[in-house]
Amino acid sequence: VNMNFSRNMDDEYEKLFRRMNPPRVVIDNESCKNATVIRVDSANKHGILLEVVQILTDLNLIITKAYISSDGGWFMDVFNVTDHDGKKVTDEAILKYIRKSLGPESCSTSSIRSVGVKQTMEHTAIELLGSDRPGLLSEVSAVLTNLKCNIVNAEVWTHNTRAAAVMHVTDEKTGSAITDPQRLSVIKELLCNVLAGGNRVRGASSVVTEEVTHTERRLHQMMFADRDYERVDDDDYVDEKSRPKVTVVNLSDNDYSVVTIQCKDRAKLLFDIVFTLTDMQYVVFHASIDSEGPNAYQEYYIKHIDGSPVKSDAERHRVIQCLEAAIKRRVSEGLKLELCATDRVGLLSDVTRIIRENSLTVTRAEVTTKGGKAVNTFYVGGASGCLVESKTIESIRQAIGNTILKVKGKPEELKPAPQDSPTRFLFGGLFKSRSFANFGMVKSYS
């Protein structure tokens, strides 16, 4: 009883401390030449860093530098952020949202926020996990289309021979969530069959959930629970230079463990790392992040939630493995195909079938629907790591529609079509000319 009483007193004290010291947000567009500086001061609590990083990431802002300090009862963070074009953030609606989400008003709201996820039962959420293989997304989409389900949002990640997806589907007839338990169990069973794909050795699962969680957090959790970090295939790294460098060392006084990460920079990298450390029950006390060039350098001073640094070689190895996995799960290698079209039932099924028929594999996918418009992004590669031929992309564009499919990526990821092919005239001039830069090749964003 006494323990409960003292725990309640601690909770009450923490709430009072936060009320007396509400978070303060300062947004400064003057002091830095090429970034908006956001400073957050607040009472410290576990997970607050993740909340702040998640809010900035969900707004699609790029964090180029950050300084984090949260020793003791106080949390002070400075973030340098830009939009996707590398410009300062000047949109008043976004700035207002940041102030509201991170400022004094945020105290009264739930601590787990998710931007852009409707907290309603407008759709049914399906979580899928299984062995990755060519055509998997195509098969899953076809099953859902046959079951009269429309996929309104989806995110698919693949890593270390495993695939995970979170999909939001609606009933084709009603346009809202599917509630009939019998129908839901048929959906689960058929999807499980597809995911197992004859391979009963590794687990496959299909879960229908009513919880609306943050999709990307959920994908990390699913793959982490599936232990995707353990099956590191070193052949994965054809180029050792592309492998993230992660080190964990304890300071001589054995107070903190210092985690350093050097890897190629990409969107949402900071979120992925902070989420993984938080989810593994580590607390970040100090951190410094710098990613203004093509590479990112990040340093974290951490302790386990119980107050101890990393204790053993086994624990150190696990932290390194899990952070490497978190970095790689979302790496956007390969060509990026972006489809914008009027949404209809079966659209994803048709598009992924065409991609599959052209012997391309989807390594990552994002599907969103807004106001009757579907925006589908696919990262694709050739079978068994081969380069994608330009004639393959051309036949996909003709099958889907040239106007609605954009191709983004690096020219070297396309193998030129044979000389006698008519498509070489379409692509040959395009790659040589400067117009390709305007075509969106400059940077592959997630």
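Laid out as a table, the results:
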{"item": "Qualifying residue in the stretch 201-214 (condition: crowded, with 17+ Cβ neighbours inside 10 Å and at pLDDT 90 or above)", "result": "no"}
{"item": "Odd one out for Arg99 among (1) touching a helix residue (DSSP H, G or I) at 6+ places or on another chain (Cβ under 7 Å); (2) open to solvent by 70 Å² or more (accessible area, probe 1.4 Å)", "result": "(1)"}
{"item": "One residue from Leu191, Leu195 being within 19 Å of Thr158 (Cβ to Cβ), at pLDDT below 90 and assigned by the TED database to the domain that holds Arg218", "result": "Leu195"}
{"item": "Check on Glu30, modelled with pLDDT under 80, among the charged types (D, E, K, R) and either in contact with a Lys or Arg (Cβ under 8 Å, 6 or more places away or on another chain) or not assigned by the TED database to the domain that holds Arg217 (or both)", "result": "no"}
{"item": "Unique residue being outside the structural domain of His304 (by the TED database), closer than 18 Å to Ala267 by Cα, among the polar types (S, T, N, Q) and modelled with pLDDT of 95 or more when the list is Asn60, Asn80", "result": "Asn80"}
{"item": "Residue list for the stretch 241-276, restricted to those being loosely packed, with under 13 Cβ neighbours inside 10 Å and free of Cβ contacts under 8 Å to residues at least 12 places away in the same chain", "result": "Lys241, Ser252, Asp253"}
{"item": "Matching entry among Ile55, Ile63, Ile94 (being assigned to a strand (DSSP E or B) and open to solvent by less than 50 Å² (accessible area, probe 1.4 Å))", "result": "Ile63"}
{"item": "Residue, farthest from Gln321 (Cα to Cα), within the stretch 158-176, restricted to residues that are surrounded by fewer than 18 Cβ atoms within 10 Å (Cβ to Cβ) and in contact (Cβ under 8 Å) with a residue 12 or more places away in the chain", "result": "Lys173"}
{"item": "Criterion violated by Glu155 - all others in (1) within 20 Å of Ser176 (Cβ to Cβ); (2) of a type in the set (Asp, Glu); (3) crowded, with 20+ Cβ neighbours inside 10 Å satisfied", "result": "(1)"}
{"item": "Total residues in the stretch 280-295, condition more than 22 Å from Arg217 (Cα to Cα) and part of a strand (DSSP E or B)", "result": "4"}
{"item": "Single match in Asp71, Asp41 (criterion: within 24 Å of Val284 (Cα to Cα), surrounded by fewer than 20 Cβ atoms within 10 Å (Cβ to Cβ) and at pLDDT below 85)", "result": "Asp71"}
{"item": "Boolean, Ile261 is aliphatic (A, V, I, L, M), in contact with a strand residue (DSSP E or B) (Cβ under 9 Å, 6 or more places away or on another chain) and within 27 Å of Asn153 (Cα to Cα)", "result": "no"}
{"item": "Tally of residues being of a type in the set (D, E, K, R), closer than 24 Å to Val310 by Cβ and at pLDDT 55 or above across the stretch 234-249", "result": "2"}
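The values are calculated or read from the model by the stated rules, or taken from the named source; none is laboratory data. Note that the structure is a prediction, hence the values are computed from the model and not measured. So basically every Cβ, Gly included, is an ideal-geometry build from the backbone, and we count neighbours across all protein chains shown. Calculation scope for accessible area: heavy atoms of the full protein, side chains included, ligands and nucleic acids excluded. Shrake-Rupley method; radii C 1.70, N 1.55, O 1.52, S 1.80 Å.
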